[in-house]
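In what follows, a single structure is set out as structure tokens and then discussed.
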Amino acid sequence: MDPILIVSLVGGLIFLLLVVGAPVKPLHFVGQAAVKLLIGALLLFFLNAFGSLFDYHIPINAVTASVSGFLGIPGILVLIAIEQFIL
């Protein structure tokens, strides 16, 4: 094959990967954030299910689900501390 053809094919593939690959990365981060938000809501659901035995409830909304989803167990402990000492 002609070297000019090979270089132009490789350059075209690199350009195509740059154009197609760029929109995929932000969607990946949005997908990860959505999964963490759902995990946070699920953790709060279980906390409320077991907290009903002790008459304890944390509302499930976007803020509390994102705190518990992104921070995990420490986030849930922070929400419990806020509920007990501040509110």
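Read-outs throughout are calculated quantities, based only on the coordinates presented, and are distinct from any laboratory measurement. Remember, predicted model here, so these are calculated numbers, not experimental data.
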Determine the gain in length on full extension of the stretch SER8-ALA62; use 0.36 nm per residue of separation and subtract their C-alpha separation, reporting nm with one decimal.
-> 14.5 nm
Can you give me the relative contact order of the chain as a percent, contacts being Cα pairs under 8 Å and 6 or more apart?
-> 25
Work out, in µm²/s and without decimals, the Stokes-Einstein translational diffusion coefficient of the chain at 10 °C, 1.306 mPa s, Rh from Kirkwood over C-alpha pairs.
-> 99
DSSP H segments from the chain that extend 18 Å or more along their own axis, Cα-based, with Kyte-Doolittle mean of 0.5 or above = 3-51
Based on DSSP H runs of at least 4 residues, each adding -39500 (n - 2.57), what is the mean residue ellipticity at 222 nm of the chain after dividing by all its residues, to the nearest 500 deg cm²/dmol?
-> -27500 deg cm²/dmol
